[in-house]
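Colleague: Quick one: the structure is below, questions incoming.
Here, each number is a calculation from the coordinates, and none is a lab measurement. All of these numbers come straight from a predicted model, not from anything done at the bench. Ideal geometry is used to build each Cβ from the backbone, glycine not excepted, and the neighbour counts take in all protein chains shown.
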Amino acid sequence: MSLDAVTGVVAGTPTAATTAPASFTVQVTYKAKDGQAVYSFDVAANIVVTLAGSTLPKATVNTAYSTSLQSYLSSAGDAAFDAAATRWSLAEGTLPAGLSLDATTGEVAGTPTTKTTSPASFTVLASYKGSDGQAVYTIEVGGEVFNVSKLDVGGNHTCAITTAGGLKCWGRNNYGQLGDTSTTDRLVPVDVFGLVSGVVGVSAGENHTCAVTEAGNLKCWGINTSGQLGDTSTTNRVTPVDVSGLASGVASVSADRNHTCAITTTGGLKCWGLNNYGQLGDNSTTCRIPFQLRFATFKINALKT
């Protein structure tokens, strides 16, 4: 910057920003008379903030996620640029459910709760010393990944035991056969209420489901019009209930359309539910709660499911 001695114009192109107002004294002379005064002004930095748009790393439902947008940030015009002084905000769009943008760090983090049918698109604004930059980002949330040790398929629903011992079911749920406290059909696996661990066996019937726990306890849920849940009632259940008399000692279970059978750890066989064709094997056609079938010469090792 310079002062024109003839015109009194201060002009030029500043090459550096001032950290404090620049102060100077100007003297003017006219017909041998002088006058002077002190002037000051700031030179602001010409800061340009740039964000590079990108497709962010893929996220997964129910898995903690974190990625920083600072790696996409750059600045010109400030030799002392400090990325930590940048403030972040959403200018347009929304993040997938369960994720949020940290206004201080620029980190997109959280635990996604819902799978996206297509990548979510949103615009982020980065602000630094009065200058802004923005860019569009996309992120896809994939379905939950879990490892399965056992699987069984029912009439219109499926259940699986994870390697961690939890039980998940999905599909039709009109009778509560998924065991998630509702009668809402599920397109993705949901936890069975109260059975997130310790499950060793499962059988999916047409509209009901039964599971064996590590303790040998048998639980059933879903339709119960014929007493196939074995809880001494004919009330449909949307969560697992204990089977009467089988709180322990159960090795495996097989659920059919209207009746259920279980093998005990001593090799005994118990059946209950509809018995119109004698399917319970008790020499009658009377519907039953769980009872012991008696075999004189052998023990039962397995049931077909």
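Colleague: Order the peptides 212-218, 67-73 from the highest to the lowest mean number of other Cβ atoms within 10 Å of their residues.
Modeller: 212-218, 67-73
Colleague: Using Cα positions and a limit of under 15 Å, work out the aspartates and glutamates in reach of LYS168, with same-chain residues fewer than 8 apart set aside.
Modeller: Of all the aspartates and glutamates, those that pass the test against LYS168 - Cα under 15 Å, at least 8 places apart if same chain - are GLU144, ASP152, ASP180, ASP185, ASP191.
Colleague: Taking the Cβ-Cβ separation of TYR277 and SER71 as r and a Förster radius of 51 Å, what is the calculated FRET efficiency to the nearest 0.05?
Modeller: For TYR277 and SER71, the calculated efficiency is 0.15.
Colleague: Dividing the Cα radius of gyration by the Kirkwood radius, what Rg/Rh value follows for the chain? Working shown, then result.
Modeller: Numbers: Rg = 36.2 Å, Rh = 25.1 Å.
When Rh is taken as the Kirkwood radius, the ratio is 1.44.
Colleague: Need one word for region 2-41: rounded, prolate or oblate. Basis is the Cα gyration tensor (sqrt eigenvalues a ≥ b ≥ c); a/c below 1.5 gives rounded, then a/b vs b/c decides.
Modeller: Taking the square roots of the gyration eigenvalues as a ≥ b ≥ c, region 2-41 is oblate.
Colleague: Also: Mark the label point 7 Å from the Cα of VAL188 along Cα→Cβ and return the residues of region 68-103 whose backbone N is within less than 18 Å of it.
Modeller: 94-100
Colleague: Starting from the 7 Å offset along Cα-to-Cβ, what nm value, one decimal, do you get for the label separation of SER248 and VAL9?
Modeller: The two pseudo-label positions are separated by 10.0 nm.
Colleague: Further, regarding this structure: Taking a threshold of 20 Å on the Cα-Cα distance, which of the pairs LYS115/LYS150; LYS150/LYS270; LYS219/LYS270; LYS150/LYS219 fall above it?
Modeller: LYS115/LYS150; LYS150/LYS270
Colleague: Tell me the Kirkwood radius of region 1-119: reciprocal of the mean inverse pair distance over distinct alpha-carbon atoms, in Å.
Modeller: Details: mean 1/r = 0.0522 Å⁻¹.
Kirkwood radius, region 1-119: 19.2 Å.
Colleague: Continuing with the same structure: Sort all Cα-Cα distances of region 148-293 into consecutive 5 angstrom bins from zero, then give the percent of pairs in each bin up to the one containing the longest distance.
Modeller: Reading upward from the zero bin: 2, 12, 22, 24, 21, 12, 5, 2, 0.
Colleague: From the P(r) of region 72-175, could you give the percentage of C-alpha pairs in the tail past 18 Å?
Modeller: Counting every Cα pair in region 72-175, those more than 18 Å apart make up 64 percent.
Colleague: Oh, and also: Want the number for LYS31 to GLU107: 0.36 nm per residue separation, take away the alpha-carbon distance, what's left?
Modeller: My answer for the length gained is 20.7 nm.
Colleague: Run the numbers on the chain and let me know its relative contact order in percent, using alpha-carbon pairs under 8 Å that are six or more apart. Write down the numbers at each step before the final one.
Modeller: Working: 783 pairs, mean separation 29.2, N = 305.
Computed value for the chain: 10 percent relative contact order.
Colleague: Follow-up question, since we're still on this one. Can you figure out the FRET efficiency of LEU90 with MET1, using R₀ = 41 Å and their beta-carbon distance, to the nearest 0.05?
Modeller: The formula returns an efficiency of 0.50 here.
Colleague: For labels at SER149 and ALA79 in the simple 7 Å Cα→Cβ model, what's the distance in nm?
Modeller: Output for this residue pair reads 6.5 nm.
Colleague: Sticking with this structure for a sec: How big is the charge dipole of the chain about its Cα centre, in debye rounded to the nearest 20, if each Lys and Arg gets +1 on its Cβ and each Asp and Glu gets -1 on its Cβ?
Modeller: The calculated dipole for the chain is roughly 1060 debye.
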